[in-house]
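A.B. asks: The structure that follows is given in the form of structure tokens.
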Amino acid sequence: MKVAIACGGTGGHLFPGLAVAEELRQRGHDTLLLVSPKQIDALALKGANQASHALPGIGWPGMFSPRVFTFGRNLMESWRECREVYRDFQPTAVVGMGGFTSAIPLLLGRRLKLPTLIHESNAIPGRVTRLIAPLVNKTLLGFESCANYLRRAHCVVTGTPVRRGLERIDRAVAAERFGLNPALPIVLIMGGSQGAHGINQLVLKALPLWHAQREEVQFIHLAGQADANIAEINFRRQRLTAVVQAFSTEMEHFYSLADVVISRSGAASLTELSHYQLPSVLIPYPAAADDHQTFNARIFERAGAARLLPESKTSAEELHGAVSEILGNADLRRQMGEAAGRLAGEDAAKRVVEEIEASCHQN
């Protein structure tokens, strides 16, 4: 098969798309990723050894936004460009991983009467998934509860795919690479592929509370491009041992080092936390569409895998207390990690590819 995979815009769409492409190529199929022009896509694809094409486009800005004209122009340009890409690549199937980058490739694939599938990682489907799910051959879900919102779609629960490169690395080896002490606990702070300003601000306010424990705890902070410098300055000011980066393509090292994670609750991040069986403190992105990150986080909270802290209602003291409680209790860390592991989708990439193959055989 030759499969076009529409993903990108955020790591939450791109990384599962990469995982599906890896599984397809492992089975001898050809793949092409259709991504966005965002810098984050180019960074994430660096060294991936995967053919890709960036289509113009932006997410829906709202009816009364001045960017609505840019949206319309990009939509038409994306349709024209995607048609040319399909003419060259000749796909036998089109898969969308959700988000605005999926819309045009899937609609064009449907018009060309190709098998089309969309994958939705979140507990509540996004705008594009709601629009397109009734039109495509199959809708693949990360969470079973998502099917309640897609009554007119043909839904199959597959879980959310995880990249092959995300394997556990020896803690001592990973610690040496980044100058950390493997004997001391490590807090991983991340806000998704583009960082999270709200989490960054909350963490920086909490750093003085860790000053007295500076010989007892270490940090890895993926702060995003805008906040990386100020974050590094604040860690130094409190004399805390920290690795601060804007973005990382070496998450397998950081996940292997983490004892507890402070994170947003996008579906791809949660999938990776469950893959590594990591306890977490989840701070959902408050502006996420339909507040879907809170719904994602509640699934982990109910399972005993995470603490949920709303960004607007959480103080620096509460964040420090939640993290310290988990770090200070080895049994609690183990129980939360095991609970996270039970939420991991078994062989999700394999399941997605099997659904793609079945759709092609049925077509």
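A.B. asks: In whole angstrom, how long is each semi-axis of the equivalent ellipsoid of the chain, when you take the square root of 5 times every eigenvalue of its Cα gyration tensor and sort them from largest down?
C.D. replies: Gyration-tensor ellipsoid for the chain: 36, 21, 19 Å.
A.B. asks: Starting from 0.36 nm per residue, how many nanometres of slack lie between ILE230 and ASN181 once their C-alpha separation is accounted for?
C.D. replies: Full-extension gain reported as 15.3 nm.
A.B. asks: Right, something else. Round to the nearest 10 and give me the degree value, 0 to 90, for the angle of helix 330-342's Cα axis relative to the longest principal axis of the chain.
C.D. replies: Taking Cα atoms only, the helix is inclined about 0 degrees.
A.B. asks: Also: Roughly speaking, to the nearest percent, how much of segment 254-304's 1.4 Å accessible area is carbon and sulfur?
C.D. replies: Accessible surface attributable to carbon and sulfur in segment 254-304 totals 46 percent.
A.B. asks: While we're on this one: Using all alpha carbons of segment 250-312, what is the percent of pairwise distances in each 5 Å bin, ordered from the shortest bin to the longest?
C.D. replies: Percent of Cα pairs in each bin: 4, 20, 33, 23, 13, 6, 1.
A.B. asks: With the crude spin-label approximation of a point 7 Å out along Cα→Cβ, what separation in nm comes out for PHE71 versus GLN50?
C.D. replies: 2.7 nm
A.B. asks: Can you tell me which lysines have their Cα less than 26 Å from the Cα of LYS313? Leave out same-chain residues fewer than eight positions away.
C.D. replies: Of all the lysines, those that pass the test against LYS313 - Cα under 26 Å, at least 8 places apart if same chain - are LYS205.
A.B. asks: Calculate the spin-label point distance for ARG237 paired with ALA287, positioning each point 7 Å from the Cα along the beta-carbon direction, and give it in nanometres.
C.D. replies: Placing both labels 7 Å beyond Cα along the Cβ direction yields 2.5 nm.
A.B. asks: Picking from GLY98, GLY345, GLY72, which is most flexible by a Gaussian network model of the chain using Cα springs under 10 Å?
C.D. replies: GLY72
A.B. asks: On to the next question. Per residue, how much accessible surface does the chain expose to a 1.4 Å probe? Answer in Å², no decimals.
C.D. replies: Working: 16300 Å² over 363 residues.
About 45 Å² of surface per residue is accessible.
A.B. asks: Mind checking which lysines have their Cα closer than 29 Å to the Cα of LYS38? Skip sequence neighbours fewer than 8 apart in that chain.
C.D. replies: Within the straight-line limit of under 29 Å, LYS38 reaches these lysines: LYS2, LYS46, LYS138, LYS350.
A.B. asks: Of the candidates ALA267, ALA316, ALA344, which one comes out as most mobile in a Gaussian network treatment of the chain with C-alpha springs shorter than 10 Å?
C.D. replies: Taking springs between Cα atoms under 10 Å, the residue moving most is ALA316.
A.B. asks: For the chain, set up a Gaussian network in which alpha carbons nearer than 10 Å are linked by springs, and say which option among VAL352, VAL94, VAL85 fluctuates the most.
C.D. replies: Largest GNM mean-square fluctuation: VAL85.
A.B. asks: Under 5 Å between amide hydrogens, which residues at least 5 positions from CYS155 or on another chain qualify, with H placed 1.01 Å from N in the peptide plane?
C.D. replies: THR139
A.B. asks: Just subtract the alpha-carbon distance of SER248 and LYS205 from 0.36 nm times their residue separation and send over the number in nm, one decimal.
C.D. replies: 13.1 nm
A.B. asks: Quick check: Cα centre of segment 134-192 to Cα centre of segment 74-122, how many Å?
C.D. replies: 24 Å
A.B. asks: Once you keep just the Cα pairs under 8 angstrom separated by 6 or more residues, what percentage relative contact order results for the chain?
C.D. replies: Across the chain, relative contact order equals 16 percent.
The values are calculated or read from the model by the stated rules, or taken from the named source; none is laboratory data. As the structure is a computational prediction, the values presented were derived from the model and not from experiment. We place every Cβ from the backbone using ideal geometry, glycine too, and count neighbours over all the protein chains shown. We work out accessible area using only protein heavy atoms, side chains counted, and drop any ligands, DNA or RNA first. Shrake-Rupley method; radii C 1.70, N 1.55, O 1.52, S 1.80 Å.
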